[in-house]
Amino acid sequence: MSLRHHEIAESRHRILNPITEEKLMLLGDICRLQPGQRQLDLACGKGEMLTRWAQAHGIGGVGVDLSEVFLTAARERAAELGVSERVSFERGDAAKYPAEAAGFDVVSCIGATWIGGGLAGTIELLRPALRPGGLMLIGEPYWTEPAPEGALEALGAEPDDFSSLVGTLDRFEAAGMDLLEMVLADGDSWDRYAAEQWFAIADWLRDTPADHPDAADMREFLDHARRAHLEWNRRYVGWGVFVLRAAG
């Protein structure tokens, strides 16, 4: 999918990942955020994590994303929550963002480790911006059981794109990070994330001329996404946010 297709599919989402509002706020509590701390969120989407945590915990920070549609929503949300003076949102390639060295208490990439070519590369993108002793948050899928060929084909994945939960722990440790905590999605939060996309796309297709340049792709995506989620994703793919700190 192109960025534009994601903007259509996730037009009604505030959180662009399979995590509930309650678990998002639980994650902030787990991180023991304090007023005045700063967070860098790469591929921030609509900025719900940063704006809600700024409101609840008094932190500030920066979100970076390629989508001006998502960033506009993030800035509007910051204004709605009264935190615009503490958080900012910048348009750009998150993989190339010139972050201040050791400038942030929390650094995060939630559900977008493609920016670093995978888990290990994204950790290396985030590491320089993290203050000593700070927390790194990674949102990442994992295999709940070995995925058969049909699932891999339907999901557009290779077997080693992700690992099991314990294999994900191994990957963190190999990258020099300690796993401190985690907040995992469940079947219902996966369904809510996926199914809300179906409704949004279906309404967009209903209201859009059939010859629109995006219409055929969105119809194909909708048909594929529903079947892939129900047949494969719900059984074989988990997702979670992992709270990390540099080892040693």
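The values are calculated or read from the model by the stated rules, or taken from the named source; none is laboratory data. Bear in mind the structure is a predicted one, so any value in this text is a computation, not a measurement. No Cβ is skipped: glycine too gets one built from the backbone with ideal geometry, and neighbour counts run over all protein chains shown. What goes into the accessible areas is simple: the full protein's heavy atoms, side chains included, and nothing from ligands, DNA or RNA. Shrake-Rupley method; radii C 1.70, N 1.55, O 1.52, S 1.80 Å.
Under 16 Å from a label point set 7 Å out along the Cα-to-Cβ vector of ASP217, the amide N atoms of the stretch 1-24 belong to 1-11. With protein chains left intact and a 1.4 Å probe, residues in the chain average 47 Å² of accessible area per residue.
What the Cβ-Cβ distance of ASP191 and ALA246 gives, at R0 = 35 Å and to the nearest 0.05, is a FRET efficiency of 0.50. Could you list the residues of the stretch 113-129 with an amide nitrogen less than 19 Å from a label point located 7 Å from the Cα of GLU173 in the Cα-to-C-beta direction? Label zone hits: 119-121, 123.
With a Förster radius of 30 Å, plug the Cβ-Cβ distance of ASP207 and LEU165 into 1/(1 + (r/R0)^6) and report the FRET value to the nearest 0.05. Could the numbers behind the result be given before it?
Working: r = 41 Å, r/R0 = 1.37.
Approximately 0.15, to the nearest 0.05.
Overall form of the chain: oblate. Here a/c, set by the Cα gyration tensor axes a ≥ b ≥ c, is 1.5 or more, and a/b is not larger than b/c. Over the chain, DSSP H runs of length four or greater, each weighted -39,500 (n - 2.57), average out per residue to a 222 nm ellipticity of -12500 deg cm²/dmol.
Rounded to a whole number, what % of the accessible area of the stretch 13-136 do carbon and sulfur atoms account for, probe 1.4 Å? In the stretch 13-136, the share of accessible area belonging to carbon and sulfur is 53 percent.
Subtracting the Cα-Cα distance of ARG227 and GLU21 from 0.36 nm times their residue separation leaves 71.6 nm of extension gain.
Could you pull out the chymotrypsin sites (Phe, Trp or Tyr not before Pro) across the stretch 94-169 that fall in loop regions by DSSP (anything but H, G, I, E, B) with no more than 13 other Cβ atoms inside 10 Å?
On the way: sites: PHE104, TRP114, TYR142, TRP143, PHE162; in loops: PHE162.
Sparse-neighbourhood loop chymotrypsin sites (Phe, Trp or Tyr not before Pro): none present.
With both residues required to sit in the stretch 98-244, DSSP beta bridges show an antiparallel share near 70%. When a 1.4 Å probe is rolled over the protein heavy atoms, the share of accessible surface on the stretch 165-219 that falls to carbon and sulfur comes to 54 percent. Using 0.36 nm per residue and subtracting the Cα-Cα separation, the extra length available between GLN34 and GLU90 on full extension is 17.8 nm. Whole-Hz Karplus values for the stretch 216-228 come out as 5, 5, 5, 5, 4, 4, 4, 4, 5, 5, 4, 5, 5 Hz, taken residue by residue from phi with 6.51 cos²θ - 1.76 cosθ + 1.60 and θ = phi - 60°; glycine and proline positions read x.
With a cut-off of 8 Å between alpha carbons and a minimum separation of six or more residues, what is the relative contact order of the chain in percent?
On the way: 435 pairs, mean separation 55.5, N = 248.
It comes to 22 percent, rounded to a whole number.
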